[in-house]
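Asker: Here it is: the structure, laid out below.
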Amino acid sequence: AQSVSQHNHHVILSEAASLELGCNYSYGGTVNLFWYVQYPGQHLQLLLKYFSGDPLVKGIKGFEAEFIKSKFSFNLRKPSVQWSDTAEYFCAVNALGQNFVFGPGTRLSVLP
Amino acid sequence: GAVVSQHPSWVICKSGTSVKIECRSLDFQATTMFWYRQFPKQSLMLMATSNEGSKATYEQGVEKDKFLINHASLTLSTLTVTSAHPEDSSFYICSAPGTLNTEAFFGQGTRLTVV
């Protein structure tokens, strides 16, 4: 069965600091990888996704993620966070035709 | 992207009553929809997969008689929490998959509080 872990439960940063949120998954086959963001009081929104090709994918709002197959990782990065990035971030995986499996989430708090 | 609308956004009900939550795909047809439950500070946990025209598939540990799912059309799935109890209070989210299940489109979620 697939599983997803996220390294940090809560990350607190000051504005302009760099961000990296860790995500590891366990699954032996080919997977699609996603990062979703949930702003306070809002629904989940897709930040970026990886299916194949260039392992460095760029998403919305300046986020990017790198797929490292050998490490089963898909870490999310942003060079300079803003207060408006305060949200809950979920890493998710799915294999073709199968359900999404979400990580436990990482709460990001950005201090102004 | 595709839009999934969930209604209501929040609901408060008394113990023992039933609550229906609707999930609509607004600009596409969804033969499958997923229902999740999210506990505070925890991730989304898949409850069941709703299939248009057939019975829903429930995850292990989810009571199908308590969480009734109906997927009567290609654009509407409903989740009814029957005889609700305070422990059913949670955030319920529906989603519909994109083409080949390569993306998920989420509803706004419904916060249920049972008093």
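The values are calculated or read from the model by the stated rules, or taken from the named source; none is laboratory data. What you are looking at is a predicted structure, and each value in this text was computed from that prediction instead of being measured. Here the Cβ is made from the backbone with ideal geometry for all residues, glycine too, and neighbour counts use every protein chain on show. Calculation scope for accessible area: heavy atoms of the full protein, side chains included, ligands and nucleic acids excluded. Shrake-Rupley method; radii C 1.70, N 1.55, O 1.52, S 1.80 Å.
Asker: Mind listing whichever residues of segment A:38-77 are open to solvent by 70 Å² or more (accessible area, probe 1.4 Å) and acidic (D, E)? Can you show your working first?
Answerer: Keep residues of segment A:38-77 that are open to solvent by 70 Å² or more (accessible area, probe 1.4 Å), which gives A:40-42, A:49, A:51-52, A:54, A:58, A:60-61, A:69-72.
Scanning segment A:38-77 gives a single hit, A:D54.
Asker: Restricting attention to segment B:42-63, does a residue exist that is surrounded by 14 or more Cβ atoms within 10 Å (Cβ to Cβ), hydrophobic (A, V, I, L, M, F, W, C) and away from chain A (no Cβ under 14 Å)?
Answerer: no
Asker: In segment A:13-31, what residues are surrounded by 12 or more Cβ atoms within 10 Å (Cβ to Cβ) and modelled with pLDDT of 90 or more? Reasoning before the result, please.
Answerer: Restricting attention to segment A:13-31, the residues satisfying the condition of being surrounded by 12 or more Cβ atoms within 10 Å (Cβ to Cβ) are A:13, A:15, A:17, A:19-27, A:31.
Of everything in segment A:13-31, those that are surrounded by 12 or more Cβ atoms within 10 Å (Cβ to Cβ) and modelled with pLDDT of 90 or more turn out to be A:L13, A:E15, A:A17, A:L19, A:E20, A:L21, A:G22, A:C23, A:N24, A:Y25, A:S26.
Asker: May I pose another question? Can you pull out every residue in segment B:71-96 that is farther than 15 Å from B:Y36 by Cα and of a type outside the set (A, V, I, L, M, F, W, C)?
Answerer: Initially, segment B:71-96 is screened for residues farther than 15 Å from B:Y36 by Cα, giving B:71-76, B:82-87.
If the condition is that a residue be farther than 15 Å from B:Y36 by Cα and of a type outside the set (A, V, I, L, M, F, W, C), then B:H71, B:S73, B:T75, B:T82, B:S83, B:H85, B:P86, B:E87 are the ones that fit.
Asker: Just to check your reading of the model, which residue among B:I21, B:I69 is among the β-branched types (V, I, T), on the phi < 0 side of the Ramachandran plot, touching a Leu at 6+ places or on another chain (Cβ under 8 Å) and without any contact (Cβ under 8 Å) to a residue 40 or more places away in the chain?
Answerer: Details: B:I21 fails: without any contact (Cβ under 8 Å) to a residue 40 or more places away in the chain.
Of the residues listed, the single one that is among the β-branched types (V, I, T), on the phi < 0 side of the Ramachandran plot, touching a Leu at 6+ places or on another chain (Cβ under 8 Å) and without any contact (Cβ under 8 Å) to a residue 40 or more places away in the chain is B:I69.
Asker: Yes or no: segment B:14-37 includes at least one residue that is within 14 Å of chain A (Cβ to nearest Cβ), not hydroxyl-bearing (S, T, Y) and not in a strand (DSSP E or B).
Answerer: Yes, segment B:14-37 contains at least one residue that is within 14 Å of chain A (Cβ to nearest Cβ), not hydroxyl-bearing (S, T, Y) and not in a strand (DSSP E or B).
Asker: Taking A:S80 and the conditions (1) touching a strand residue (DSSP E or B) at 6+ places or on another chain (Cβ under 6 Å); (2) open to solvent by less than 70 Å² (accessible area, probe 1.4 Å); (3) over 25 Å from A:A1 (Cβ atoms), which numbered condition does it fall short on, given that it satisfies the others?
Answerer: The one condition A:S80 does not meet is (1).
Asker: Do you know which of the residues in segment A:63-96 that are of a type in the set (F, W, Y) and part of a loop (DSSP other than H, G, I, E, B) is farthest from the other protein chains (Cβ to nearest Cβ)? So that I can check it myself, show each step before the final result.
Answerer: If we filter segment A:63-96 for residues that are of a type in the set (F, W, Y), which is where we start, we get A:63, A:67, A:72, A:74, A:83, A:89-90.
The next check asks that each one be part of a loop (DSSP other than H, G, I, E, B); those that pass are A:63, A:72.
Details: A:F63: 16, A:F72: 18 Å.
The extreme case among them is A:F72.
Asker: So which residues in segment A:75-86 are among the hydrophobic types (A, V, I, L, M, F, W, C) and either over 21 Å from A:P55 (Cα atoms) or touching a Pro at 6+ places or on another chain (Cβ under 9 Å) (or both)?
Answerer: Of segment A:75-86, the ones among the hydrophobic types (A, V, I, L, M, F, W, C) are A:76, A:81, A:83.
Across segment A:75-86, the qualifying residues are A:V81, A:W83.
Asker: Pick from segment A:83-112 the residues that are over 16 Å from the mean Cα position of the chain (by Cα) and open to solvent by 20 Å² or more (accessible area, probe 1.4 Å): which of them is modelled with the lowest pLDDT?
Answerer: Looking only at segment A:83-112, we keep the residues that are over 16 Å from the mean Cα position of the chain (by Cα), and these are A:83-84, A:95-99, A:110-112.
Next, only the ones that are open to solvent by 20 Å² or more (accessible area, probe 1.4 Å) stay: A:83-84, A:96-99, A:111-112.
Values: A:W83: 96, A:S84: 96, A:L96: 68, A:G97: 64, A:Q98: 71, A:N99: 76, A:L111: 95, A:P112: 90.
Restricting to residues being over 16 Å from the mean Cα position of the chain (by Cα) and open to solvent by 20 Å² or more (accessible area, probe 1.4 Å), the top hit is A:G97.
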